[in-house]
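The values are calculated or read from the model by the stated rules, or taken from the named source; none is laboratory data. Predicted model only: the values in this text are computed from it and were never measured. As a convention, Cβ positions derive from the backbone with ideal geometry for all residues, glycine included, and neighbour counts pool all protein chains shown. When the accessible area is computed, the model is the full protein with side chains, heavy atoms only, and any ligands, DNA or RNA have been set aside. Shrake-Rupley method; radii C 1.70, N 1.55, O 1.52, S 1.80 Å.
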Amino acid sequence: MNIKEMQKLLVDEGYVSSASMKQASLIKKEKGGQLVEILLKEGFLQEKDYVCFFAEHSGVPFVSLDYIHLVPDWMELIPQKLAYQYTLIPISKIEKILTVAMANPMDVIAIDDIRNATGMQINPVCAPSSEIKSALDDHYKGDEEFSDALESVDEDGEIEVIENETDIDLLQESENDVPLIKMVNLILQDAIKQRASDIHFERFEDKFQIRYRIDGVLKEAVLPPIKMHPSVIARIKILATLDITEKRLPQDGRFKISLNKKQINFRVSILPTYFGEKIVIRILDSSSLQLGLEKLGYSDYNLKKIKNAIATPYGMVLVTGPTGSGKSTTLYSILNQLNTAERNIMTIEDPVEYEVEGITQTQVHSEIGLTFAGGLRSLLRQNPDIMLVGEIRDSETADIAVKAALTGHLLFSTLHTNSAAGAITRLVDMGIEPFLIGSSMVIVIAQRLCRKICNNCKESVFIDDEAFKRINIDKSLLKDGKAYKGKGCNSCNGSGFLGRMCISEVLEIDNEIQEMILGRKSSFDIHKKSIEKGMKTLFEDVVYKFAQGLTSFDEVIRVTSEENF
């Protein structure tokens, strides 16, 4: 179809008026250029109408990208430079046939170039140029946004990755990809700077996102281009000495870095998911253990009970609570406080979260028979003064732990129960005799974490009386009669919170509680009696901290509703 035939058909079929066609022809004669481009530029012809007209008369199928789901993996088959150069985008792939939407599907040079780039047979279809450009921009804008996000991270210190000797060869191979290494380092640095406890690398159908858990709440950090997902995953696997070729099974590893001469440990968990592997990295900053129990947020009345308990020469101290409630930090802080040259302190953990100088730490390896129970038996032969069992998971471990606490050892461990009194009935359910529990146990600490108001943007706030009544809080308890919240500032990244603190209840095992344990009383009865004897519940503790202006009313509601105190 030549130019004159096209002009006639456009007018005859009503796409362009005769007057508009004459005017476009005059512009072409005076200024030059392509007639179709002039018609489109001057608004005499709509782009979608022209594409439909072209498809009808050329025999090339027409598609509208508004109704097509673009798959990121197909997008990566064609180099970005070629896609923009020829205004084209892949919309389908069946075996070795790639269907490509093109602004000019008759451009044989473009078709040859993408055939050579992909090694596939190209099936061209036509689509509006504006739709193709918009789709390309939507896909590739992540590159620019991610670059901007990384550039916004201040490089206020150099990261030195402390590698294991076994992965030096792999590491040297990967160092050719300097931008990737820098990118991963900056993500780690940014997470540390923002006080994140975890980094989540997540792949979904149409995006790859990175989120930080800050003060117990997940926050979106950056959205890297989806094409970077495999490279980022491979880099982290290399750091953690994991198998980069294994993508079907979960893997766990760890690595450490030095940032501003401070050593920080990372624990890596990799899980295969439907759209690709997900990585969660736990950040373990051992410097937090040096702060001591006083800095963890325990109320004075509970802190005194804990200090009295850990001063005893033998017995069992249990810390209970769900995952992420700060149990490990509490126990390590206690051990750090008790860590002196005169004491032999030993642990059996799964995994070893913090490396503490002067303490003998053992990692559980169930696959070769080194379980909590087996490891605890071996520890008892090593003449320990103080022992930490990472978690009491079964009756065998519980039995050995209780008997160890009765034979002159101070033993610390954790249980997953909702309340302090619940730990006692849990041990009974595991088959431990009540007289052994009553004789061995010193205290049980049940704890959670709540966020602290940022002092840099703290302000008073009005709360309706009905709101206090709904969650049974006495408004008269408020210090100075005021409630507070964080307005949001640069220091707290606009959240209004900066850091977390423990809320806890501490159950002391005295003679009266021992008698109740021997009588196999329920956890409800033990809990009730402990309150009569002065125990502050988790709810009372979080309300006390709200009344002192340390946390907000919204945080009290969040914590109490999650735990149903």
Next on the checklist: Of everything in segment 1-27, what is open to solvent by 50 Å² or more (accessible area, probe 1.4 Å), aliphatic (A, V, I, L, M) and at pLDDT 75 or above? Give them in sequence order.
Outcome noted: A19, L26
Next on the checklist: Condition (residue is touching a Cys at 6+ places or on another chain (Cβ under 9 Å) and either within 26 Å of L88 (Cα to Cα) or charged (D, E, K, R) (or both)) applied to segment 25-34: is it met by at least one residue?
Outcome noted: no
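Only one of L45, L39, L77 is in contact with a Ser or Thr (Cβ under 9 Å, 6 or more places away or on another chain), open to solvent by less than 50 Å² (accessible area, probe 1.4 Å), outside any helix (DSSP H, G or I) and not β-branched (V, I, T); which?
Working: L39 fails: outside any helix (DSSP H, G or I); L77 fails: open to solvent by less than 50 Å² (accessible area, probe 1.4 Å).
Criteria check complete, one pass: L45.
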Next on the checklist: I need the full set of residues from segment 415-425 which are outside any helix (DSSP H, G or I) and open to solvent by less than 10 Å² (accessible area, probe 1.4 Å), in order please.
Outcome noted: L415
Checklist outcome for this item: Residues of segment 391-400 being modelled with pLDDT of 90 or more and under 19 Å from Q361 (Cα atoms), in sequence order, are E391, I392, T397, I400
Item to check | Residue within segment 248-269 that is more than 21 Å from M228 (Cα to Cα) and in contact with a His (Cβ under 8 Å, 6 or more places away or on another chain) present | outcome: no
Checklist entry - For segment 181-245, which strands (runs of 3 or more DSSP E) that fit wholly inside it have 3 or more residues that are surrounded by fewer than 17 Cβ atoms within 10 Å (Cβ to Cβ)? => result 217-222
Checklist entry - Which condition number in (1) touching a helix residue (DSSP H, G or I) at 6+ places or on another chain (Cβ under 6 Å); (2) under 30 Å from L436 (Cβ atoms); (3) open to solvent by less than 60 Å² (accessible area, probe 1.4 Å) is the one that G549 fails? => result (2)
Checklist entry - Looking at segment 387-407, which of its residues are part of a helix (DSSP H, G or I), open to solvent by less than 50 Å² (accessible area, probe 1.4 Å) and either of a type in the set (V, I, T) or touching a Ser or Thr at 6+ places or on another chain (Cβ under 7 Å) (or both)? => result T397, I400, A401, V402, A405
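Residues are listed down the side, and each one gets a yes or a no for (1) part of a helix (DSSP H, G or I); (2) under 30 Å from I214 (Cβ atoms):
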residue	(1), (2)
N493	no, yes
L498	no, yes
V506	no, yes
E515	yes, no
K521	no, no
K528	yes, no
E555	yes, yes
V559	yes, yes
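Which of the residues belonging to segment 533-553 are in a helix (DSSP H, G or I) and under 16 Å from K305 (Cβ atoms)? Outline the logic, then answer.
So the first thing to find is which residues in segment 533-553 are in a helix (DSSP H, G or I), and the list is 538-547, 553.
The answer is L538, E540, D541, Y544.
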Item to check | Failed criterion for L410 (all others in (1) within 33 Å of the chain's Cα centre (by Cα); (2) at pLDDT 90 or above; (3) open to solvent by less than 10 Å² (accessible area, probe 1.4 Å) hold) | outcome: (1)
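If only one of A83, A110 is under 47 Å from the mean Cα position of the chain (by Cα), in a helix (DSSP H, G or I) and under 18 Å from D137 (Cβ atoms), which one is it? So that I can check it myself, show each step before the final result.
Numbers: A110 fails: under 18 Å from D137 (Cβ atoms).
The match here is A83.
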Checklist entry - Name the pairs whose Cβ atoms lie under 9 Å apart, with the first residue in segment 256-272 and without any contact (Cβ under 8 Å) to a residue 24 or more places away in the chain, the second open to solvent by less than 40 Å² (accessible area, probe 1.4 Å) and not in a strand (DSSP E or B), and 6 or more positions between them or separate chains? => result K261/G157
Item to check | Residue pairs meeting the criteria (Cβ under 6 Å; at least 6 apart or on separate chains; first in contact (Cβ under 8 Å) with a residue 24 or more places away in the chain and surrounded by 16 or more Cβ atoms within 10 Å (Cβ to Cβ), in segment 328-349; second among the aromatic types (F, W, Y) and not in a helix (DSSP H, G or I)) | outcome: L331/F412; Y332/Y354
Item to check | Residue within segment 318-327 that is in a helix (DSSP H, G or I), modelled with pLDDT of 85 or more and open to solvent by less than 60 Å² (accessible area, probe 1.4 Å) present | outcome: yes
Next on the checklist: I'd like the residue in segment 440-481 that is at pLDDT 85 or above and small (G, A, S) and, out of all such residues, is surrounded by the fewest Cβ atoms within 10 Å (Cβ to Cβ).
Outcome noted: S460
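Among the β-branched types (V, I, T) and assigned to a strand (DSSP E or B), is that true of V428? Quick ask: steps written out before the conclusion?
Values: among the β-branched types (V, I, T): yes; assigned to a strand (DSSP E or B): no.
No, not satisfied.
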Checklist entry - Scanning for something part of a loop (DSSP other than H, G, I, E, B) and either within 16 Å of E357 (Cα to Cα) or in contact with a helix residue (DSSP H, G or I) (Cβ under 7 Å, 6 or more places away or on another chain) (or both), does segment 266-286 turn up at least one residue? => result yes
